[in-house]
Amino acid sequence: MGAVLRKQARMMRLVALRRETHMKVAAVGDNCVDVYKEEGKQYPGGNPVNVAVYLERMGIDASYTGVVGADEQGEFLVDSLRAKGVDTSHVHVSEGSTAVTYVQIVNGNRVFGDYVEGVMADFKMSEEDLSFVCSHDLVVSGIWGHTAEDLGRIKESGTPVAFDYSDQPNDPVVDQSIGNVDYAFFGLESDDTEQVRSFMREKQALGPKVVVVTLGEHGSLAFDGEEFYKQGIIEVEVADTMGAGDSFIAGFIKGVLENKDIPGCMSEGAKSSSVTLQYSGAW
């Protein structure tokens, strides 16, 4: 009985904190700075980082919890997030280097070179971080964010979880974590095939409310255990595909927070993605 009462009291504190902070979505996990040495340019990014920025673009409050190095790239990334309105109060700074990807432009195309994970390799949420993210209306993370083992505690708090498994459907983290995920996202280079649908049925049966697969130019597909839903792309003049998938996730989350049905959430995802496609860079 005592344990039940303590759990109820904790839940009441979390709900009260949600109201006090006016926060909506907690983005947690990986970040990265893309460095273009030859051009002398650098751009901030990372799945949860991008999603947080896109949510702010749509008028939804967002925070980012993660770690950066005590270096120029770390300062650049945090300053960039603050400039977009993202709450960075739980971004930790550790001795070492910020995660960096070195990129070259070859014949007009991005070629990704070395990736240095830096301090992100040892990222682990503290108890304070967990309490903070659980005070939000939804938590979003991804497969490279070192957060999979914390999803159970987040879900236990009553906070819905969205998780991006990217293009890694066979990664062991998928089956280890998906039971604690409410909205599972995958990005596959495929059309709407029976193989894709079978995969979605299999993963949805493991626990998520909805499994969503983005299919590039073929749009997106969602499955809730009963019905499949399709969403086409919105035709725009494409300047750059960087961030399009993360932008779709942000739009879908917006729909969830607005209590839209699955087709409505997918439509919001397509709209958000179409905006990102029309300019160069993730944001």
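The values are calculated or read from the model by the stated rules, or taken from the named source; none is laboratory data. Worth saying up front: this structure is predicted, and the values here are computed from it rather than measured. In this analysis, Cβ positions are derived from the backbone assuming ideal geometry, glycine residues included, and neighbour counts consider all displayed protein chains.
Remark: pairs (first residue in the range 26-45, of a type in the set (K, R); second residue part of a strand (DSSP E or B); Cβ separation under 9 Å; 6+ apart in sequence or on different chains) = K37/Y102; K37/V103; K37/Q104; K41/D34; K41/V35.
Only a single item in (1) touching a residue at least 24 places away in the same chain (Cβ under 8 Å); (2) in contact with a strand residue (DSSP E or B) (Cβ under 7 Å, 6 or more places away or on another chain); (3) not hydroxyl-bearing (S, T, Y) is not met by V53, and it is number (2). Across the range 65-107, the qualifying residues are those that are assigned to a loop (DSSP other than H, G, I, E, B) and of a type in the set (D, E), and the one among them that is nearest to A121 (Cα to Cα) is E95.
I'd like to check something: does the range 43-56 contain any residue that is surrounded by fewer than 23 Cβ atoms within 10 Å (Cβ to Cβ), in a loop (DSSP other than H, G, I, E, B), under 17 Å from the mean Cα position of the chain (by Cα) and not β-branched (V, I, T)? Scanning the range 43-56, I find no residue that is surrounded by fewer than 23 Cβ atoms within 10 Å (Cβ to Cβ), in a loop (DSSP other than H, G, I, E, B), under 17 Å from the mean Cα position of the chain (by Cα) and not β-branched (V, I, T), so the answer is no. If a residue must be touching an Asp or Glu at 6+ places or on another chain (Cβ under 7 Å) and among the charged types (D, E, K, R), how many such residues does the range 224-244 contain? Summing the residues that are touching an Asp or Glu at 6+ places or on another chain (Cβ under 7 Å) and among the charged types (D, E, K, R) in the range 224-244 gives 1. Only one entry in G59, G29, G66 is within 18 Å of V139 (Cα to Cα), in contact with a Ser or Thr (Cβ under 7 Å, 6 or more places away or on another chain) and either surrounded by 12 or more Cβ atoms within 10 Å (Cβ to Cβ) or modelled with pLDDT of 60 or more (or both), namely G29. The residue that is modelled with the lowest pLDDT, counting only those in the range 104-119 that are within 22 Å of the chain's Cα centre (by Cα) and aliphatic (A, V, I, L, M), is V116. Does V133 satisfy being touching a strand residue (DSSP E or B) at 6+ places or on another chain (Cβ under 9 Å), surrounded by fewer than 20 Cβ atoms within 10 Å (Cβ to Cβ) and either touching a residue at least 12 places away in the same chain (Cβ under 8 Å) or part of a strand (DSSP E or B) (or both)? No, not satisfied. Just to be sure before I move on: is G219 touching a strand residue (DSSP E or B) at 6+ places or on another chain (Cβ under 6 Å), at positive phi and free of Cβ contacts under 8 Å to residues at least 60 places away in the same chain in the structure I sent? Answer is yes for this residue.
With respect to the conditions (1) over 26 Å from V161 (Cβ atoms); (2) in a loop (DSSP other than H, G, I, E, B), G59 falls short on a single one, namely (1). Candidates are the residues of the range 151-165 that are assigned to a helix (DSSP H, G or I) and either of a type in the set (S, T, Y) or touching a strand residue (DSSP E or B) at 6+ places or on another chain (Cβ under 8 Å) (or both); the one that is nearest to C32 (Cα to Cα) is L151. Of all residues in the range 69-95, those that are under 19 Å from F132 (Cα atoms), surrounded by 14 or more Cβ atoms within 10 Å (Cβ to Cβ) and either touching a Leu at 6+ places or on another chain (Cβ under 8 Å) or polar (S, T, N, Q) (or both) total 2.
What pairs come out if I take residues in the range 69-93 that are closer than 18 Å to A26 by Cβ and pair them with residues that are among the small types (G, A, S) and modelled with pLDDT of 95 or more whose C-beta lies under 6 Å away, six or more apart or interchain? From residues that are closer than 18 Å to A26 by Cβ, the pairs are V86/A52; V86/A62; D87/S63; V91/G66. Residues of the range 151-164 that are free of Cβ contacts under 8 Å to residues at least 40 places away in the same chain and either surrounded by fewer than 23 Cβ atoms within 10 Å (Cβ to Cβ) or of a type in the set (A, V, I, L, M) (or both): L151, G152, R153, I154, K155, E156, V161.
In the range 179-200, the condition of being within 19 Å of A62 (Cα to Cα) and of a type in the set (S, T, N, Q) is met by no residue.
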